[in-house]
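Q: The structure that follows is given in the form of C-alpha cells.
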C-alpha cells in the first residue's frame, strides 16, 4: 500500500508538470525523474519484456485484459520511463527550441499520468476499506514458509568476485532451514553450488523470525533505501496457500531485519535483504608505520638518527581516506580523499573476504630486529628498525590490533591482500590530469592511433570501452552511446581517454561500438 501511495503521489507531481505550458524544459528532463521511477520499481528493460506480452499500445489493449491492476501499473510505469528516456535524448540532441519537443510529446505523458493517477487512486480507496479485513486474515493465515533469494549484481572493478554471488535461504514453520550458495563462472553465468546446509531451529526462533518479516513488510519496506549492489526476492507462503512476493535491490533499512535473522540462524555470511555478509562491520582502519635509521659518522663512533613515518586512516563514517608522510627534516605530505559512498565498496570487500579475520600473528613471527652493532660488524652503513601498528575498529566497539616489525616476518601473511586492495582503490584518484601525458599531449603524435573512451553508466562503477574520433570529447563529458543488440541509445559519462595502436587495442577495433555524439546535459 505504501508503494501504491508513492506511485499515486508521483503521478500527481509529474502530471502537474506536463500540464504546465510554461514549465522549463530542464525540469522535465531532470535525472530525478529516472531515479524516482527506479525507486518505485519501474525499469525500461522490464517494459520491453512486458510489451512483448501485451503490446506497446496500452490504452488500446485495455485494463480488462491484464491479470491484475498492479501488473498494469507496472507496465504503464515502465512505459512512461522508457518514453521519457527517448524524450530526454531527443531534447538534448535538438539544437533549436527544445520546448517544442516537450510540447509535441506532452499529450502522451498527460494521458498516461492521468491513467496512472486514476488506477492508483482506485486501489488506494479499496485498500483502505480492506485494511481491517486483511489484518484479521493475516492473523488467521499464519506463515508456513519464507524463501529468500539474494544475488550480487555489482562488482568492484579492482576486487575479485565474491566466492558466493547467489544465496538461497528457506525457513519453514516446522523449524527446518535450508541454505544454498552458488558462485559465478563469470559475471553472468552461475557455475557450481558452493554449499548446501540443512539444519533445524526451535519453534520460538521460527516465530520470532516470521514476526520480524511480518512487521518489516507491513511497516518498514521502502524502495527509497536501495543500495544498488544486488537484489533479493522474498516469497512468503501462508497456511491457506496464498503466496506474497516481494523483490527489490539491497536495502539499507533492511539491515536490522537481516542482522536479526543472521543472529537467529547463527549464520553471519548471508546476504539476505541488505547485502551485508558479516555482522562485524568495519567502522575505521588505522595503520601507522615508523622507520628509524642510525647512520654512522666519520669513524663510526658517533651516529645520527633519521626518522620517517607514515599514517593511513580509512574512515567509513566520514567517507574519507587520509594518508600522511613525515620526514626527519620536518617535511610533511598529506593526502585526503573524500570518496563518499565509494568507500563502502572497499570496506565491503575487506569484510566479505574476511581479510582481517584471517590476519593473525604467530609467536614465532615476533622476532627481535638485528642490533646496531651486529649490522655495523657486517659492514652495513645503516642500522634500520621499522615498526607498524594496524588497528581495525568495528561498529560493535570491537577492536583488532596487530603490531610488530614491518617486514616479512613481523607482518601477517595476507597483509598484501589488504594493502593491494587499498592501493588499487586509490589509483583511481591518484592520477591527476595535469601530470598525465595523455592529456597535455592530446592530439600530438596520435596520428594512426585509435581513441578509446572509457564510460560508466549512471549509478554504476564498472567502465566500458567505446571508440571515437571526436578529439573534443574530454573526461567528465556526457556522450550518447549504442547499447545492447538493438543499439538502444543511452547517456553515459566519460571517465578516461586512451590512445592505442590497432594491434595494442584493449578490444578489437572492428568489433567495438562507437560513440554516437557528445551530449550537452
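The values are calculated or read from the model by the stated rules, or taken from the named source; none is laboratory data. Being a predicted model, the structure only gives us computed values, none of them experimental. All Cβ positions, glycine included, derive from the backbone under ideal geometry; neighbour counts span all protein chains shown.
Q: Could you list all residues from segment 282-332 that are loosely packed, with under 14 Cβ neighbours inside 10 Å, outside any strand (DSSP E or B) and in contact (Cβ under 8 Å) with a residue 24 or more places away in the chain?
A: 300, 317
Q: In segment 231-243, what residues are under 24 Å from residue 200 (Cα atoms) and surrounded by 14 or more Cβ atoms within 10 Å (Cβ to Cβ)?
A: Listed by number, the residues that qualify are 232, 233, 234, 235, 236, 237, 238.
Q: If you check 117, 122, which single one turns out to be modelled with pLDDT of 85 or more, assigned by the TED database to the domain that holds residue 37 and closer than 29 Å to residue 214 by Cα?
A: 117
Q: Mind checking whether some residue in segment 366-377 is assigned by the TED database to the domain that holds residue 303 and either modelled with pLDDT under 80 or assigned to a loop (DSSP other than H, G, I, E, B) (or both)?
A: no
Q: Can you tell me which residue in segment 496-516 is nearest to the chain's Cα centre (by Cα), limited to those that are surrounded by 15 or more Cβ atoms within 10 Å (Cβ to Cβ) and outside any loop (DSSP other than H, G, I, E, B)?
A: Among residues in segment 496-516 that are surrounded by 15 or more Cβ atoms within 10 Å (Cβ to Cβ) and outside any loop (DSSP other than H, G, I, E, B), the one nearest to the chain's Cα centre (by Cα) is 496.
This table checks each residue for (1) modelled with pLDDT of 85 or more; (2) in a helix (DSSP H, G or I).
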site	(1), (2)
198	yes, no
204	yes, yes
218	yes, yes
228	no, no
237	yes, no
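Q: Of 17, 46, 53, which residue is over 25 Å from the mean Cα position of the chain (by Cα), in a helix (DSSP H, G or I) and modelled with pLDDT under 80?
A: Residue meeting the stated conditions: 53.
Q: Also, quick follow-up: Could you list, in sequence order, the residues of segment 396-438 that are surrounded by fewer than 14 Cβ atoms within 10 Å (Cβ to Cβ) and assigned to a strand (DSSP E or B)?
A: 399, 401
Q: Further question: Which residue out of 300, 274 is at positive phi, touching a helix residue (DSSP H, G or I) at 6+ places or on another chain (Cβ under 8 Å) and modelled with pLDDT under 90?
A: Of the residues listed, the single one that is at positive phi, touching a helix residue (DSSP H, G or I) at 6+ places or on another chain (Cβ under 8 Å) and modelled with pLDDT under 90 is 300.
Q: Same structure, new question: Considering 305, 338, 322, 357, which residue is more than 17 Å from residue 385 (Cα to Cα) and at pLDDT below 80?
A: 357
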